[in-house]
1. Tell me, what is the Rg over Rh of segment 145-187, with Rh the Kirkwood radius over Cα pairs?
2. Any idea what angle helix 131-142 forms with the longest principal axis of the chain, computed on alpha-carbon atoms, 0 to 90 degrees, nearest 10?
3. Report the charge-dipole magnitude of segment 104-195 in Debye, nearest 20, computed about the Cα centre from +1 at each Lys and Arg Cβ and -1 at each Asp and Glu Cβ.
4. Mind pulling the per residue volume of the convex hull built on the Cα atoms of segment 103-149? Å³ is fine.
5. How big is segment 1-115 along each principal axis, measuring the range of its Cα positions in Å and listing the largest first?
6. Net charge within 13 Å of residue 216 by Cβ-Cβ distance, Lys/Arg positive one each and Asp/Glu negative one each, not counting residue 216 itself?
7. For residue 10, what is the net charge nearby, where nearby means another residue's Cβ is under 14 Å from its Cβ and Lys, Arg count +1, Asp, Glu -1?
8. Kirkwood hydrodynamic radius of the chain from all distinct Cα pairs, in Å?
Amino acid sequence: MGRPELGRYRAFLVDLDGVLIRGGQPLPGAVEALQRLRELGRVIVFSNNSTRSRRAFAARLQREGFAVAPEEVVNSAYILGRRLLELSGPSKVFMIGEEGLKEELELAGHRLVGPEEANFLVTGMDRELSYEKLLLALRALRRGARFFAANADPTYPTPEGEVPGAGAVVGAIQGMGFPPEEVVGKPAEVAFRVALEAAGVKDPRDCLVIGDRLETDVLGARRAGLESALVLTGVTSPDELEESPIRPTYVAESLAALVGVKPREGRSPRGGGGPSLPSPRRRSRSRR
Ligand SMILES: [Mg+2]
């Protein structure tokens, strides 16, 4: 798998964790690489994280040196607000989630209400999940509320290690007998539809997805008709890639390597930046 002809894409959907940032720090060369992509086409930062709003995400990225505007962020909180709007217009929603999800739901025109009033139960990652919240969710569901989840990622990476992700909330509610009607984050088709729209691209073939996770970034891209590049700076190891039936269009050591920029000295994440990268021999091996 050679370096892709990036010039033939009109837009790039770039995942956040494990692609731009890892362990709370920008990955080496990622700031420069994102800038280079921006010269080639439209860039959308495309994340399953629902804990921040688009505005807060952009502010966070700007602090790290990435030139990203709120309109250039598509995350699962925003997608969920859009999806509910598409299904039933401005709606009454009971939420288990954090501030970013609340903000995006309200910006989309929905109203956050108690379980007695809600037409929808929506969930995102919630670091204050409690028995009380599950009880209220159950009441909403018993009254006929429809259950939509921002995402269902099992865990979430932090500098201190993995923590329970949005999937823990979905699992707790599913354990009460109520599976979600839809999970709107990657790999759902709606996530890619909303991201393409934000990028202003109609033909999915004009857009490249860049991510670190096979079962969300790469699988979702394939289903939605987009090409994909897997970078090995995140959760997927070369061995996992080798064994997986999910095949990206391209594989690169990092975003910087994909784009062809040299990381500047002194930008390495603190604490060594996680596992070492695979050897070039392993990387270029290709079975299919
Ligand atoms: Mg990721």
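Just so it is clear, none of the values below were taken in a lab; they were calculated from the coordinates. Remember, predicted model here, so these are calculated numbers, not experimental data. Note that we place each Cβ from the backbone using ideal geometry, even for glycine, and neighbour counts take in every protein chain shown.
1. Numbers: Rg = 11.3 Å, Rh = 10.9 Å.
Reported Rg/Rh, Kirkwood definition of Rh: 1.04.
2. For 131-142 against the chain, the angle is about 70 degrees.
3. On the way: 9 positive and 13 negative charges, 66 e Å.
I would put it at about 320 debye.
4. Working: hull volume 3.6 nm³, N = 47.
Normalising the Cα hull of segment 103-149 by residue number yields 77 Å³.
5. 52, 29, 24
6. Values: positive: 186, 213, 222, 223; negative: 15, 17, 153, 189, 212, 215, 217.
Overall, the nearby charge balance is -3.
7. Working: positive: 8, 38, 42, 202, 205; negative: 5, 39, 197, 203, 206, 227.
Once positives and negatives cancel, what remains is -1.
8. Numbers: mean 1/r = 0.0517 Å⁻¹.
Computed over the chain, the radius equals 19.3 Å.
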